[in-house]
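Peer 1: Can you keep this structure in mind? I'll have questions shortly.
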Amino acid sequence: MAPESDDGPRGLLARLKAALGESALLLSEADMAPYAMDHRRRYRGRPLAVLRPADTAQVAAAVKLCAEAGIGIVPQSGNTGLSGGATPDAGGSQVILSLSRLNRIRAVDPVNNTLTAEAGCVLAAVQRAAESADRYFPLSLASEGSCEIGGNLSTNAGGTAVLRYGNMRELALGLEVVLPSGEIWDGLRGLRKDNTGYDLKHLFIGAEGTLGIITAAVLKLFPSPRSSATAIAALASPRDAVKLLGALQSACGERLTAFELFTEACLQLVLKHYPACRRPFAQPASCFVLIELTDVQEQGTVGPLAERALGTALEKGLITDAATAASLAQAREFWALRENISEAQAAEGLNIKHDVAVPISAIDDFIATTGEELARAIPGVRLIVFGHLGDGNLHYNVQQPEGQDRQAFLSREAEVNKIVYDQVARFGGSISAEHGLGQLKKETIKTYKSVLELEMMRKIKAALDPQGIMNPGKVL
Ligand SMILES: Cc1cc2nc3c(=O)[nH]c(=O)nc-3n(C[C@H](O)[C@H](O)[C@H](O)COP(=O)(O)OP(=O)(O)OC[C@H]3O[C@@H](n4cnc5c(N)ncnc54)[C@H](O)[C@@H]3O)c2cc1C
């Protein structure tokens, strides 16, 4: 479609300046640099401008002006995404629209158990606002000090408490969205039941900014947990970890909040790069699980429950050792072993990352067969496998063999990806569990999603964004 305003980028920038105020536009390379590169420094874009609107009306005004000029818009919140979804292309004609100034908590309703937050609210600030009302917002990610609600919704973020509370899709009741036309859809309903046709909010959640710009959301709150127990167990195989998950679910029900797997290879990397971290047990093991139980009851209930359940698992030979944290400090030490894996990997050298999901019942076979195939293809390859086992979500990362040339390893990325993703497909899994497609997997997905599914996605995109201005070149 031909742009309605054809006085070029200068004309558009002048109109944007008039609509948003001069200070809301960043135009110099230095000012735009932090927005133009993704968190992993894998993608570097060249934006025409970075727009920093102050409220929903300004977002709508900016989108309308960009739509009239036929200019692509890349929404960006905390810029912690891991798939390059918030980075523009290098063409110099797309604008980044940052939501970070939309950072107000609009309402907290403890009776309805809801909180209405603008898209630029940092996740940790939302958690704190819930706490102030004696409620709990459970989304929890290692990036929670910088990622923002709009990005969490647009990537359908997961994290460590999905097992108990669900991912972002399950935590949102309503949305406010600026559509690619510049119209504002007010869907900020705090209802748990609303069967009035298509549930439109789900189109925008997980859409990575390709269908519209989320400006605010009604989020679900929960009673605050008042007690927690953190434990770590050593196991002889991932198969036993899956069996332990079932045993703990039966014994502890919904109190089981986190169930995180990591292998001995992950632990060794963490111990090497984080000297303050300590091996949890004297003996190495095939793998470990970090377990967290929480309860709304006061302290005293979950600790003994965890100890009883793990004692039974030990008697049955499901685990080889276990320890329950005796203090908050020790719980943090246990969590540090899990949370430092990504950074330890980065310090160790090059690795090829995969964020995949398979049915929990297939995890053990997936890990075994994929590992065998990779070892055949790249002798000496190191597999750094960890993740949210309770959700069937593994970070299946393939680390450069010790001493191998970086470039030689990197040149085999496509081959490594094919081995991993073919196995994911074989076991009925997904090639992106929680990080989205962005730029990183937009080509790969064509092999692993059916033609019909892709066609339905394209039709939805064409219906909502006929000009194709919303986050061009991402997802589809
Ligand atoms: C250390 C670390 C740990 C992480 N752990 C996890 C984890 O456990 N689980 C997990 O799910 N992710 C994890 N992530 C990934 C990342 O933090 C999440 O994807 C997060 O939800 C992204 O939020 P953001 O605000 O940074 O979004 P951004 O990076 O700014 O954007 C992400 C995508 O959403 C789009 N977008 C952003 N805001 C909007 C909006 N308002 N409207 C429409 N589209 C928008 C962007 O265009 C982009 O496509 C981790 C990242 C890091 C760095």
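The values are calculated or read from the model by the stated rules, or taken from the named source; none is laboratory data. Computed from a predicted model, the values in this text were never measured in an experiment. All Cβ positions, glycine included, derive from the backbone under ideal geometry; neighbour counts span all protein chains shown.
Peer 1: Please work out which residue is farthest from ARG40 (Cα to Cα), limiting yourself to segment 63-83 and to residues that are more than 8 Å from the ligand (Cβ to nearest atom) and assigned to a loop (DSSP other than H, G, I, E, B). Walk me through it before giving the result.
Peer 2: Restricting attention to segment 63-83, the residues satisfying the condition of being more than 8 Å from the ligand (Cβ to nearest atom) are 63-73.
So of that shortlist, the ones also assigned to a loop (DSSP other than H, G, I, E, B) come out as 70-72.
Details: GLY70: 30, ILE71: 26, GLY72: 23 Å.
Among those that are more than 8 Å from the ligand (Cβ to nearest atom) and assigned to a loop (DSSP other than H, G, I, E, B), it is GLY70.
Peer 1: Something else now. Pairs needed: first member in segment 68-82, at negative phi; second member anywhere, assigned to a strand (DSSP E or B) and more than 11 Å from the ligand (Cβ to nearest atom); C-beta distance under 9 Å; at least 6 residues apart or different chains.
Peer 2: Hits for this filter: ILE71/VAL95; GLY72/VAL95; ILE73/LEU51; ILE73/VAL95; VAL74/VAL95; GLN76/VAL50.
Peer 1: Now a separate question. I'm told ARG106 meets every condition in (1) closer than 28 Å to LEU245 by Cα; (2) more than 10 Å from the ligand (Cβ to nearest atom) except one. Can you identify the failing condition by its number?
Peer 2: (1)
Peer 1: Sticking with this one: Which residue pairs have Cβ atoms under 6 Å apart, sit 6 or more places apart or on different chains, and have a first residue in segment 89-100 that is under 19 Å from LEU20 (Cβ atoms) and a second that is of a type in the set (Ser, Thr, Tyr)?
Peer 2: ILE96/TYR35; LEU99/SER77
Peer 1: In addition: Which pairs turn up if I take residues in segment 31-60 that are closer than 19 Å to SER146 by Cα and look for partners that are of a type in the set (Phe, Trp, Tyr) and part of a helix (DSSP H, G or I) with beta carbon separation below 7 Å, at least 6 apart in sequence or on another chain?
Peer 2: Once the first residue is closer than 19 Å to SER146 by Cα and sits in segment 31-60, its partners that are of a type in the set (Phe, Trp, Tyr) and part of a helix (DSSP H, G or I) give VAL50/TYR35.
Peer 1: Taking the residues in segment 101-129 that are in contact with a Ser or Thr (Cβ under 7 Å, 6 or more places away or on another chain) and assigned to a loop (DSSP other than H, G, I, E, B) as candidates, determine which candidate is surrounded by the fewest Cβ atoms within 10 Å (Cβ to Cβ).
Peer 2: Checked segment 101-129; the qualifying residue surrounded by the fewest Cβ atoms within 10 Å (Cβ to Cβ) is GLY120.
Peer 1: Looking only at segment 421-442, count how many residues are at negative phi and away from the ligand (no atom under 16 Å from the Cβ).
Peer 2: Of the residues in that region, 8 qualify.
Peer 1: Let me ask something additional. Step by step: first the residues of segment 354-370, then only those that are under 18 Å from CYS266 (Cβ atoms) and buried (at least 18 other Cβ atoms within 10 Å of the Cβ), then the one that is farthest from the chain's Cα centre (by Cα). Which residue is that?
Peer 2: At the first step, the residues of segment 354-370 found to be under 18 Å from CYS266 (Cβ atoms) are 354-356, 363-364, 366-368, 370.
Restricting the remaining residues to those that are buried (at least 18 other Cβ atoms within 10 Å of the Cβ) gives 354-356, 363, 366-367, 370.
Details: HIS354: 13, ASP355: 10, VAL356: 12, ILE363: 20, PHE366: 22, ILE367: 22, THR370: 23 Å.
Among those that are under 18 Å from CYS266 (Cβ atoms) and buried (at least 18 other Cβ atoms within 10 Å of the Cβ), it is THR370.
Peer 1: Count, please, the residues in segment 8-29 that happen to be surrounded by 14 or more Cβ atoms within 10 Å (Cβ to Cβ), of a type in the set (A, V, I, L, M) and either at positive phi or in contact with a helix residue (DSSP H, G or I) (Cβ under 8 Å, 6 or more places away or on another chain) (or both).
Peer 2: 7
Peer 1: With respect to the numbered conditions (1) farther than 16 Å from ARG338 by Cβ; (2) assigned to a loop (DSSP other than H, G, I, E, B); (3) without any contact (Cβ under 8 Å) to a residue 40 or more places away in the chain, which one is the sole condition not fulfilled by PRO225?
Peer 2: So the condition that PRO225 fails would be (3).
Peer 1: List every residue pair whose Cβ atoms sit under 7 Å apart, with the two residues 6 or more apart in sequence or on different chains, where the first one lies in segment 142-166 and is under 14 Å from ASN393 (Cα atoms) and the second, anywhere, is assigned to a loop (DSSP other than H, G, I, E, B) and modelled with pLDDT under 95.
Peer 2: Qualifying pairs under 7 Å: ALA157/LEU141; ALA157/GLU434; GLY158/GLU434; GLY159/LEU141.
Peer 1: Further question on the same structure: In segment 130-174, which residue that is part of a strand (DSSP E or B) and within 7 Å of the ligand (Cβ to nearest atom) is farthest from VAL74 (Cα to Cα)?
Peer 2: Start the filter on segment 130-174 by keeping residues that are part of a strand (DSSP E or B), which leaves 135-136, 140, 148, 159, 172-174.
So of that shortlist, the ones also within 7 Å of the ligand (Cβ to nearest atom) come out as 148, 159.
On the way: GLU148: 15, GLY159: 24 Å.
Here the residue is GLY159.
Peer 1: Right, next: Which members of segment 197-221 meet the condition of being surrounded by fewer than 16 Cβ atoms within 10 Å (Cβ to Cβ) and outside any loop (DSSP other than H, G, I, E, B)?
Peer 2: HIS202
Peer 1: While we're looking at this one, here's another question. If ASP186 satisfies every condition in (1) more than 14 Å from the ligand (Cβ to nearest atom); (2) free of Cβ contacts under 8 Å to residues at least 60 places away in the same chain; (3) in contact with a helix residue (DSSP H, G or I) (Cβ under 7 Å, 6 or more places away or on another chain) but one, which is the exception?
Peer 2: With (1) more than 14 Å from the ligand (Cβ to nearest atom); (2) free of Cβ contacts under 8 Å to residues at least 60 places away in the same chain; (3) in contact with a helix residue (DSSP H, G or I) (Cβ under 7 Å, 6 or more places away or on another chain) applied to ASP186, the lone miss is (3).
Peer 1: Please list, ordered by residue number, the helices (runs of 4 or more DSSP H) wholly in segment 266-370 having 1 or more residues that are more than 30 Å from LEU437 (Cα to Cα).
Peer 2: Numbers: elements: 302-315, 328-339, 341-348.
Correct list: 302-315, 328-339.
Peer 1: Of all the residues that make up segment 285-316, how many are of a type in the set (S, T, N, Q) and either free of Cβ contacts under 8 Å to residues at least 60 places away in the same chain or out of contact with any strand residue (DSSP E or B) (no Cβ under 7 Å at 6 or more places or on another chain) (or both)?
Peer 2: Step one: filter segment 285-316 for residues of a type in the set (S, T, N, Q), giving 286, 294, 297, 299, 301, 312.
Now narrow it down to the ones that are either free of Cβ contacts under 8 Å to residues at least 60 places away in the same chain or out of contact with any strand residue (DSSP E or B) (no Cβ under 7 Å at 6 or more places or on another chain) (or both): 286, 312.
Number satisfying all stated conditions: 2.
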